[in-house]
């Protein structure tokens, strides 16, 4: 049976080592189960190629029929990853796995496919049946040019590392994995990839689905679509114009980030090189990008001169250099010209929607725009005092231009950050949502505003359907939105969709590789899975570079909780309180109590109660200390108050975090979990 797509031999190719199928016919049974699941998933017939030869035949020798080369021409390649699969001398590796990688990179789609929700997936869909060595994982990731994201069929007990069987009892498996559920995941992943292929706008009706004999030039273009926009240098006589050059940099990044065919490094990582003397070749290597845009801005009164140059980093070669002269009213036109020049130089293929967004900027009052850029300048510093200044400037910008959608979105994000930093949730999240809704009434395509609504739905409203919809919309509108992927990972973690959460964090890291905040957040993935050694290893790497990063200290302390190393946790949280203030005293009090230092814990509790007379003290923090002291009824009372206040960043993870474990047998706690209304799996 041929593929459902013209020009392809099969829809799915199953690749495996014969030795993994000899004794129990594991691969044969898996293929049978997958075919049954595919039949119940797809309306049409989907073809699966699988060589069922039980002997050392076709797949284990180098004497192969030329017809196999045609069978490799498939939509999706499924390698059965075992302890023996990653053998670079084996037939399966060289003539199937590597052959498909080479084929996929040269056909009309490429190896990476954008799904309908905006996420990117590989056409290689691994099924892993053993835990494999780090060296083998690294080898696979090198070839697929990305992170290995397999669907696991592994049965785990202490000292056990074997393939999962249909007959296995999931309750006895350390990972609680169910065979049929994993098969269903594979079928659904296949469905999503094929949907993505069908909506790929690179292919016009009637166009062949395979590009015949691609040239080396074509291949180079396919593999080099990545760029960093370095901070534009302020060469004005006035150093106070720094906000303007930074703002221009950020706006060009924002314009390019909306293009799905280009990987754009986020602002955080780009700004690391502000004032740097590193050459572009080194910067390109550090950020794993092909192209670097650099430039300068001279602003004198209303006059403006912008110089921009696009550099091929590996070759240290200028592709173009342009000078743009004008007045402030021309700035959007200049931005569009810079973005258009990049699109043309890199021969990017844009969708009609992307073309419209690139050219569709509404006129903005110049004074309002300057206030907006000042607001972004303060927003990016993200301390409570700077965020307050940002909100004031966004409000002034809106007074100058009441339909300035970006100013509303910036204000929404500022309130959002204040909520993240511990400001009373009921004060800031309603304001964040109100500003985001207003921004979207003016311009529905603002990813930042959708992300704010998704964040508020996760941590304030506990409205899971809205959170997923808004965050997926943000990523679809801006495929290079690292912060959007980070927020999406938090939502996915709340739903116990841990592997998807990890993929989202890793995507954020690819787009913002120098962001220590994103690297610190990878500890969340390990924490949710109760892999506390993994969480500690992750936070150690971050703290070696930034010893005072509050987020890394927080996750480090909580990982010590999981390992029941409470003295170590207290040491970390003492430092966090010194750096970030009394908002983290509850964590320190809990650590003291669990370490047996009850007098110190009671002292913390007393300090918090005294403080509550003059300023708001989060009820969640009080409940945490009482929980550590074993006063569970009182802890539940304060936890209920925190619930009513819609405060406490850990409510979305109440089913997972180990420090809640002592409360799980109490009916009030069970009722609280029920009222959070998590969707059923």
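The values are calculated or read from the model by the stated rules, or taken from the named source; none is laboratory data. Since we're looking at a predicted model, the values are computed, not measured. Cβ: placed from backbone, ideal geometry, glycine included. Neighbour counts: every protein chain shown.
If the Cβ limit is 7 Å and pairs must be 6+ apart or interchain, which residue in segment 314-337 that is at pLDDT below 80 pairs with which residue that is in a loop (DSSP other than H, G, I, E, B) and surrounded by 14 or more Cβ atoms within 10 Å (Cβ to Cβ)?
332/361
Under the condition of being touching a residue at least 60 places away in the same chain (Cβ under 8 Å) and part of a helix (DSSP H, G or I), which residue from segment 492-501 is farthest from residue 120 (Cα to Cα)?
Ranking the candidates gives 494 first.
Is it fair to say residue 342 is more than 26 Å from the chain's Cα centre (by Cα) and either part of a helix (DSSP H, G or I) or more than 30 Å from residue 618 (Cα to Cα) (or both)?
Judged against the criteria, residue 342 is not a match.
Would segment 476-484 turn up any residue that is outside the structural domain of residue 673 (by TED's automatic domain parsing) and either surrounded by fewer than 18 Cβ atoms within 10 Å (Cβ to Cβ) or without any contact (Cβ under 8 Å) to a residue 24 or more places away in the chain (or both)?
No; the residues of segment 476-484 include none that is outside the structural domain of residue 673 (by TED's automatic domain parsing) and either surrounded by fewer than 18 Cβ atoms within 10 Å (Cβ to Cβ) or without any contact (Cβ under 8 Å) to a residue 24 or more places away in the chain (or both).
Of the numbered conditions (1) in contact with a helix residue (DSSP H, G or I) (Cβ under 9 Å, 6 or more places away or on another chain); (2) in a helix (DSSP H, G or I); (3) closer than 18 Å to residue 570 by Cβ, residue 596 fails exactly one; give the number of that condition.
(2)
Residues checked against (1) assigned to a loop (DSSP other than H, G, I, E, B); (2) in contact (Cβ under 8 Å) with a residue 24 or more places away in the chain; (3) in contact with a helix residue (DSSP H, G or I) (Cβ under 9 Å, 6 or more places away or on another chain); (4) at positive phi:
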{"residue": "640", "(1), (2), (3), (4)": "no, yes, yes, no"}
{"residue": "643", "(1), (2), (3), (4)": "no, yes, yes, no"}
{"residue": "652", "(1), (2), (3), (4)": "no, yes, yes, no"}
{"residue": "655", "(1), (2), (3), (4)": "yes, yes, yes, no"}
{"residue": "665", "(1), (2), (3), (4)": "yes, no, no, no"}
{"residue": "669", "(1), (2), (3), (4)": "no, yes, yes, no"}
{"residue": "672", "(1), (2), (3), (4)": "no, yes, yes, no"}
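All but one of (1) part of a loop (DSSP other than H, G, I, E, B); (2) more than 22 Å from residue 9 (Cβ to Cβ); (3) modelled with pLDDT under 80; (4) more than 27 Å from the chain's Cα centre (by Cα) hold for residue 201; which doesn't?
(4)
Step by step: first the residues of segment 184-202, then only those that are in contact (Cβ under 8 Å) with a residue 12 or more places away in the chain and out of contact with any strand residue (DSSP E or B) (no Cβ under 9 Å at 6 or more places or on another chain), then the one that is surrounded by the most Cβ atoms within 10 Å (Cβ to Cβ). Which residue is that?
187
Could you tell me how many of the residues in segment 599-644 are over 34 Å from the mean Cα position of the chain (by Cα), surrounded by 15 or more Cβ atoms within 10 Å (Cβ to Cβ) and within 20 Å of residue 567 (Cα to Cα)?
Of the residues in that region, 7 qualify.
Among the listed residues 349, 354, 322, identify the single one that is surrounded by fewer than 16 Cβ atoms within 10 Å (Cβ to Cβ) and closer than 30 Å to residue 476 by Cβ.
The match here is 349.
Regarding residue 76, is this residue under 21 Å from residue 2 (Cα atoms), assigned to a helix (DSSP H, G or I), modelled with pLDDT of 75 or more and in contact with a helix residue (DSSP H, G or I) (Cβ under 7 Å, 6 or more places away or on another chain)?
So residue 76 does not fit the description; no.
Please go through segment 79-115 and pick out each residue that is assigned to a strand (DSSP E or B) and modelled with pLDDT under 80.
Passing the criteria: only 114.
Counting only residues that are at pLDDT 90 or above and in a strand (DSSP E or B), how many does segment 116-152 have?
Total satisfying the criteria: 5.
Somewhere in segment 582-593, is a residue farther than 23 Å from residue 661 by Cβ and surrounded by fewer than 18 Cβ atoms within 10 Å (Cβ to Cβ)?
yes
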